[in-house]
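Please treat every number below as a calculation from the coordinates, not as lab data. The model shown is predicted, which means the values in this text are computed figures rather than measured ones. When we count neighbours, we look across all protein chains shown, and the Cβ atoms used for this are built from the backbone with ideal geometry, even at glycine.
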Amino acid sequence: MTYKQNEKLSKALEKIDLTNTQIERAKELYTNICNAIIKKSGLNISFYSQGSFATKTTVRPFENGKDKSYDVDVICEVQNLDKTIPPRL
């Protein structure tokens, strides 16, 4: 691949990759939600992202000239569950 081709590819990828701000905001939001679940439940829980966010292959959602919202898939692993949690309606 020539330098010009590589430069064109890099510029195209910049348009479809999430921005650093979008990445940091997504991490902050899912971390806050996970921490709230841990605090409220009192359980020993591990959380981690999966899917395109985890593999860093998320495509920037863009429509009609504007950024759109997107989701992050998160795995919730409960460790040593030794108590019953009643369902809440």
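General observations
- Net +/- balance of residues flanking Asn20 in space, Cβ distance below 14 Å, scoring K and R +1, D and E -1: -1
- 0 to 90° range, to nearest 10: angle between helix 3-16 axis and the chain longest Cα axis: 40 degrees
- Local net charge near Asn32, Cβ-Cβ under 14 Å (Lys/Arg +1, Asp/Glu -1): +2
- Against the main long axis of the alpha-carbon atoms of the chain, helix 20-41 sits at an angle near 10°.
- Electrostatic dipole magnitude of the chain [Cβ: Lys, Arg +1; Asp, Glu -1; Cα centre; debye, to 20]: 160 debye
- Stretchable slack from Asp73 to Phe47, in nm (0.36 nm times residue separation minus alpha-carbon distance): 8.3 nm
- Radius 10 Å from Cβ of Phe53, net charge of other residues (Lys, Arg +1; Asp, Glu -1): 0
- Percent of C-alpha pairs per 10 Å bin, the chain, short to long: 13, 34, 25, 16, 8, 3, 0
- Taking 0.36 nm per residue of sequence separation and removing the Cα-Cα distance, the Asn64/Glu7 pair yields an extension gain of 18.0 nm.
- Set of lysines near Lys66 by C-alpha distance (under 30 Å), chain-local residues within fewer than 8 positions excluded: Lys4, Lys8, Lys11, Lys15, Lys27, Lys56
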